[in-house]
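Student: My structure is below; once you've seen it, I'll send some questions.
The values are calculated or read from the model by the stated rules, or taken from the named source; none is laboratory data. No experiment lies behind these values; they were computed from the predicted model shown. Glycine also receives a Cβ, built like all others from the backbone with ideal geometry; neighbour counts cover every protein chain displayed. Note: areas computed on protein heavy atoms with side chains; ligands, DNA, RNA excluded. Shrake-Rupley method; radii C 1.70, N 1.55, O 1.52, S 1.80 Å.
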Amino acid sequence: MAPVQTPVLTSRDAPEKTSVVVIGGGIVGLSAALVLAERGIPVTVLEKGRIGAEQSSRNLGWVRKMGRAAPDVPLAQAADRLWAAMPARLGAEVGYRQAGIMYLARTEAEMAMHADWLKSVSDLSLDSRLLRPADIDALVPGGRGQWAGGIVTPSDGRAEPTLASAAIAAAAIAKGAVIVENCAVRTLSRAAGRVCGVVTERGEIACEQVLLAGGLWSRRFLGNLGISLPTLPLVCSVFRTAPMEGPTEIAVGGPDFSFRKHRDGGFIITQRGALGAPLMLDHLLIGMRYLPMLRGQRKLLRIGLGREALTDLSLPRRWRAEAISPFERLRTMDPPTRPDLNAEALANLRAAWPAFATARIVESWAGMMDITPDSQPVIGPVEKVPGLMLATGFSGHGFGTGPAAGQLAADLLCGAPPIVDPAPYRLERL
């Protein structure tokens, strides 16, 4: 089960027409809707289930620039500014704390990777710096790990996924956006090749533009339109501890664990060195495109054939506008948690920081991420379908950049100067 979010009063009924329809009520789609509403543009968000119920509430809450590919860093820098302004903008708390993020290295080879990344972003004015073992002990005391060193970015931070999407949604509604839950979009309506509306399970809504921010469902939605979006699923298992005394406010990522402080005083923990990789039909269809990634990350993947594969095969890949869509058959992707991975994470963390010896798990969950071949999102228009914009494929690190990604999508929809250069996110690169 996903963590419980702050409830939001959404609309029961959808309008007959609007200017922009946003498909998907995750943090990116909601952020885009907020920007559009602030600019006085009629916008309706349609969510097949509940807002923020999938990866937007199940992620780790890290807001980071560190470790991102250089072309993606400007979006993360823009997101920092937006996160810092959220309480005043939304009139609500989102749990944002700029407390820093640290990565640890056990070997000199891992340190060399951190050094190479630092060189790759040397012209982007980041405050990241390499750490010696003594620096780690000073920043996160009480550890017993044998570290070769690490890297830290003090301006990175965290926010609370269970607060953020709901707060953004509530602010968007207050500023004029319409958000409708349990209303799946089956397909697009087109006239002369251009988008003129969407067909939902409740009927048709006329609009001028559509933003598809459907996360892991975007590939299936586009496939029904004859458009290829290469994404494959990975599953991250996470747990939260009861409130406890911890070693630091800094979020820490080790080779086989990570932890960050939760707003209630507990910690959010995961096995950073292992992700579930459930085999699906798409692995046969597009798996060859991921071979370069697989060569470098094979040790991270726990490949298996489970219920996710059966669920995937049971959902149609082609359907008519008048037929029940896969988004109605499965409104929320809720993959099973991997207790073995959570147990590994806690054992590894306890060995490194004995302060976690008394940690007690009070909640656990899993989230399914949509991974592109280069681990970068798609934010931009679909040239084959005028009027259709994408903001999807965030590859497990979209929460941190979510506010800026949503604004970039809104800028492109409005024809406004974009918050950052959108060129790295073009669909055509894939």
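Student: As an exercise: evaluate VAL195 against (1) in a helix (DSSP H, G or I); (2) open to solvent by less than 10 Å² (accessible area, probe 1.4 Å) and give the number of the one condition it does not meet.
Tutor: It is condition (1) that VAL195 fails.
Student: Right, next: What do you reckon, is GLU108 closer than 19 Å to GLY157 by Cβ, out of contact with any Gly (no Cβ under 7 Å at 6 or more places or on another chain) and modelled with pLDDT of 95 or more?
Tutor: No, not satisfied.
Student: Additional query: Would you check if PRO154 is more than 20 Å from the chain's Cα centre (by Cα) and closer than 23 Å to GLU249 by Cα?
Tutor: yes
Student: Which of the residues spanning the stretch 302-326 are at pLDDT below 90, farther than 17 Å from LEU216 by Cβ and open to solvent by less than 100 Å² (accessible area, probe 1.4 Å)?
Tutor: ILE303, GLY304, listed by residue number.
Student: Another question, if that's okay. From PRO422, PRO373, grab the single residue that is surrounded by fewer than 21 Cβ atoms within 10 Å (Cβ to Cβ) and farther than 26 Å from SER237 by Cβ.
Tutor: PRO422
Student: Something else about it: Looking at the stretch 142-154, can you tell me whether even one residue there is outside any strand (DSSP E or B) and either open to solvent by less than 10 Å² (accessible area, probe 1.4 Å) or of a type in the set (Ser, Thr, Tyr) (or both)?
Tutor: Scanning the stretch 142-154 turns up no residue that is outside any strand (DSSP E or B) and either open to solvent by less than 10 Å² (accessible area, probe 1.4 Å) or of a type in the set (Ser, Thr, Tyr) (or both).
Student: Just to check your reading of the model, which residue among ASP127, ASP72 is over 30 Å from TRP217 (Cα atoms) and either at pLDDT 95 or above or surrounded by fewer than 17 Cβ atoms within 10 Å (Cβ to Cβ) (or both)?
Tutor: ASP127
Student: Now, a different point. Quick one: would you say ILE250 is more than 30 Å from GLN98 (Cα to Cα), modelled with pLDDT of 95 or more and more than 20 Å from the chain's Cα centre (by Cα)?
Tutor: When the stated conditions are applied, ILE250 does not pass them.
Student: Right, next: Looking at GLN297, is it open to solvent by 40 Å² or more (accessible area, probe 1.4 Å) and within 30 Å of GLU110 (Cβ to Cβ)?
Tutor: For GLN297, the condition - open to solvent by 40 Å² or more (accessible area, probe 1.4 Å) and within 30 Å of GLU110 (Cβ to Cβ) - is met.
Student: Out of the residues in the stretch 199-209 meeting the condition of being among the hydrophobic types (A, V, I, L, M, F, W, C) and more than 15 Å from PRO386 (Cβ to Cβ), tell me which one is surrounded by the most Cβ atoms within 10 Å (Cβ to Cβ).
Tutor: My answer is ILE205.
Student: Out of ASP135, ASP116, I need the residue that is of a type in the set (D, E, K, R) and either surrounded by 14 or more Cβ atoms within 10 Å (Cβ to Cβ) or touching a residue at least 24 places away in the same chain (Cβ under 8 Å) (or both). Which one?
Tutor: ASP135
Student: Now for a separate question. Answer yes or no: is there a residue in the stretch 47-56 that is more than 11 Å from SER165 (Cβ to Cβ), out of contact with any Phe, Trp or Tyr (no Cβ under 8 Å at 6 or more places or on another chain) and at pLDDT 95 or above.
Tutor: Yes, the conditions are met somewhere in the stretch 47-56.
Student: Mind listing just one residue for me: the one in the stretch 285-294 that is among the aliphatic types (A, V, I, L, M) and modelled with pLDDT of 90 or more and, of those, most open to solvent (accessible area, probe 1.4 Å)?
Tutor: MET288
Student: Taking ILE227, is it open to solvent by less than 60 Å² (accessible area, probe 1.4 Å), over 19 Å from the mean Cα position of the chain (by Cα), touching a residue at least 24 places away in the same chain (Cβ under 8 Å) and within 30 Å of VAL198 (Cβ to Cβ)?
Tutor: yes
Student: Are any residues in the stretch 242-284 surrounded by fewer than 17 Cβ atoms within 10 Å (Cβ to Cβ), over 24 Å from PRO373 (Cα atoms) and of a type in the set (A, V, I, L, M, F, W, C), and if so, which ones?
Tutor: Of everything in the stretch 242-284, those that are surrounded by fewer than 17 Cβ atoms within 10 Å (Cβ to Cβ), over 24 Å from PRO373 (Cα atoms) and of a type in the set (A, V, I, L, M, F, W, C) turn out to be ALA242, MET244.
Student: Restrict the check to the stretch 120-129 and report whether at least one residue is farther than 20 Å from ALA79 by Cα and either in a loop (DSSP other than H, G, I, E, B) or not polar (S, T, N, Q) (or both).
Tutor: yes
Student: If LEU104 passes every condition in (1) touching a residue at least 40 places away in the same chain (Cβ under 8 Å); (2) over 21 Å from the mean Cα position of the chain (by Cα); (3) part of a helix (DSSP H, G or I) but one, which one does it miss?
Tutor: (3)
Student: Given the options GLY276, GLY306, GLY266, GLY296, name the one that is touching a Pro at 6+ places or on another chain (Cβ under 9 Å) and without any contact (Cβ under 8 Å) to a residue 40 or more places away in the chain.
Tutor: Answer to the check: GLY306.
Student: Something else now. Residues in the stretch 210-220: is at least one part of a loop (DSSP other than H, G, I, E, B) and open to solvent by 30 Å² or more (accessible area, probe 1.4 Å)?
Tutor: no
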